[in-house]
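So the structure is just underneath, and the comments pick up after that.
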Amino acid sequence: MKDKKTVIDTVPAGMARRRFINTAALTGLTLGVAACAEKKPEGGAPATAGSAPAAAHGANSTHLKPGELDSYYGLWSGGHTGDMRVLGLPSGRELLRIPCFVPDALVGWGHTNESKKVMGTKPDGSLRYTVGDTHHTHASYKDGNYDGRYAWINDKINSRIARIRLDYFVCDKITQLPNVQGFHGIFPDKRDPVDPAINYTTRVFCGGEFAIPLPNAGTEDASKYRSLFSCVDAETMQVRWQVLIDGNCDLVATSYDGKLAASNQYNTEMGAKYEDMMSAERDACIFFNIARIEEAVKAGKFKTVGSSKVPVVNGTHAANKDPKTALTAYVSVPKNPHGVNASPDQKYFICAGKLSPTATVIELAKVLEWFDGKLEKLDGAIAAEVEIGLGPLHTAFDGRGNAYTTLFLDSQVVKWNVEKAIAFHKGDKNAKYVVDRLDVQYQPGHINGSQSETIAADGKYLAVGCKFSKDRFLPVGPLHAENEQIIDMSGEKMVLLADHPVRGEPHDFIIFKRDLVKPKQVYALDDFPNAIKDPKESGVFRQGKKVTVKMTSQAPAFSLREFKVKKGDEVTLILTNLDKIEDLTHGFAIPNHDVNFIVNPQETASVTFTAGEPGVYWCYCTHFCHALHLEMRTRMIVEA
Ligand code: K7E
Ligand code: CUA
Ligand code: CA
């Protein structure tokens, strides 16, 4: 097999731009993955910095002494487990999983009435969905940096967006996007485009990846399918508006001035088969003019789709030919791009080529000029389009002018300088924009640096989500862990610091300084309208077949030593944890009734179940709380 990099380096720049990966090369893609399995980690990889010892640079390390705290939080998408994972960085230790879209056995998510209300139920009270597929996670901004209020995460399968409160690290709202399938990219705005006083996130943008009939009544003619780009209100979590577009949305990014949102499009062909989706040489990055879209909505220039009341404005090519009134702008980008990221100097959007070995640098100021009618051709917004390697996907930044892009096929991270790439593109063929390449193990997808997508990008740590771990961990059967790698990005050359196995399949994540969030470790009783504030309020309250059991917990006892219900009763059990001490969580399990949930300090949770066969059921505390934890029980006596 010929060395891929040599080929790239010897192709004349002008020609190389045409040398995209075609359908036949897809076979090569699979072969490349297979070939990697045989590649020994030490196997003479041509990358420059792959195995340089950390000590040679030594600036950063992932090692923490016992008891030492991490300096960064990482919020990781949980993938199929439908949760958000909280990691400490640089150690990579997993601290918490925040359940969102999928039931969780530890906290009783999807079992308690409170969590079911957030998740959404069918009329019979059962959950609407019990599967999820999270990909992307981002947090709210103020003045271009995270403000520690919220994070959001997507569910691709059922087009849901979940919000996580970063004071309690819990999911408090989930919204389903109407008329969207395959909701993929997600990004909050960074400030308001009109009101300068609103210097923080008030909207979250959601890209719809799969085109469907609108409204979705079965039709086989895929050329009639369309995708919607959605805007969700950050506070109410209601869908504010949607934009009908040509092509599809993949990832989403936003400008620091709040004026534009962007989404890369890999299926401008609007194909229904992959061959069709990769038939064109170029696709696009679509820009949304937020202020104009909201003016159009205000002026009533919208339609609705099916039973949804959400205003849908027209963002198609045909309806947006005049730049001065256009709601959208489609900037041409090579073949099936993946990933769009806004640079921390606030100037550029970078799209990675995926099926083209290039990165495209789009200048925000020029796109705005086009909207003002001052730039004749949108292509003029392309500041650079340079070769960086095979299969480029996602890009991170160090705040020193460098971009770090994952190369899925090359199994590398390439560090390249944005201004030098622009100089090269303008004709300075001596501009060496590629600074470094680092082999990673293997086939990297997402990448992010500490504070990377903020104006406070600090260029210390880089995390890379490798889709294949192959030989990096002890074999555990056919399902391999993925390999999240941590890289020291503080020097000229990247240094690989650590491998971490993670359960599939996390995709995206963000890393930010620990002092940006102020988590509360004890709830307030008033956070819960049904709180039982005094153990004396405990008891069994019957209304026909409906029974409410009120109880409190204080280590090592529940306020009721036993309670009686009748077979077939619909029992709602409300439990308030009156313990106020940090870390003093109690659990509550009832044998044979599918009940197990926890109550954190000062938290109230409730479950509703049908009392089963007559008998005695020992309800017990499932969370080790006290020397008498095993003795912390109550009896449910079910009578005939
Ligand atoms: Cu963010 Cu994996 Cu959904 Cu790229 S996508 S890798
Ligand atoms: Cu309460 Cu264990
Ligand atoms: Ca395409």
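The values are calculated or read from the model by the stated rules, or taken from the named source; none is laboratory data. Nothing here was measured: the structure is a model prediction, and the numbers come from that model. Glycine gets a Cβ as well: all are built from the backbone with ideal geometry, and neighbour counts include every protein chain shown.
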ask   = Of all residues in the stretch 433-454 being in a strand (DSSP E or B) and within 13 Å of ligand 1 (Cβ to nearest atom), which is nearest to the chain's Cα centre (by Cα)?
value = His446
request  = Go through (1) in a loop (DSSP other than H, G, I, E, B); (2) of a type outside the set (D, E, K, R); (3) more than 16 Å from ligand 2 (Cβ to nearest atom); (4) within 33 Å of the chain's Cα centre (by Cα) one by one and return the number of the condition Phe624 breaks.
outcome  = (3)
query = Which condition breaks for Phe287 when tested against (1) within 16 Å of ligand 1 (Cβ to nearest atom); (2) surrounded by 24 or more Cβ atoms within 10 Å (Cβ to Cβ)?
reply = (1)
note = Inside the stretch 457-480, the number of residues satisfying the requirement of being aliphatic (A, V, I, L, M), crowded, with 17+ Cβ neighbours inside 10 Å and in a loop (DSSP other than H, G, I, E, B) is 1
note = Those residues of the stretch 316-349 that are closer than 23 Å to Glu281 by Cβ and small (Gly, Ala, Ser) come to a total of 4
ask   = (1) over 26 Å from Tyr168 (Cα atoms); (2) within 14 Å of ligand 2 (Cβ to nearest atom): which one isn't true of Pro591, the others all being true?
value = (2)
Candidate set: the stretch 119-144, residues that are crowded, with 19+ Cβ neighbours inside 10 Å and not in a loop (DSSP other than H, G, I, E, B); chosen: the one farthest from the chain's Cα centre (by Cα) = Met119
query = Taking Val131 and the conditions (1) closer than 25 Å to Tyr523 by Cα; (2) assigned by TED's automatic domain parsing to the domain that holds Phe509, which numbered condition does it fall short on, given that it satisfies the others?
reply = (1)
task = Please find, among Phe210, Phe205, the residue that is surrounded by fewer than 22 Cβ atoms within 10 Å (Cβ to Cβ) and within 16 Å of ligand 1 (Cβ to nearest atom).
result = Phe210
note = All conditions in (1) under 21 Å from Gly207 (Cβ atoms); (2) out of contact with any His (no Cβ under 6 Å at 6 or more places or on another chain) are true of Ala365 except (1)
request  = Name the residue, out of Leu228, Leu251, Leu260, that is more than 16 Å from ligand 3 (Cβ to nearest atom) and closer than 20 Å to Leu177 by Cα.
outcome  = Leu228
query = Within the set of pairs 6 or more residues apart or between chains, which connect a residue that is within 16 Å of ligand 1 (Cβ to nearest atom) and at pLDDT 95 or above inside the stretch 613-640 to a residue that is part of a strand (DSSP E or B) and not small (Gly, Ala, Ser) with Cβ atoms less than 7 Å apart?
reply = none
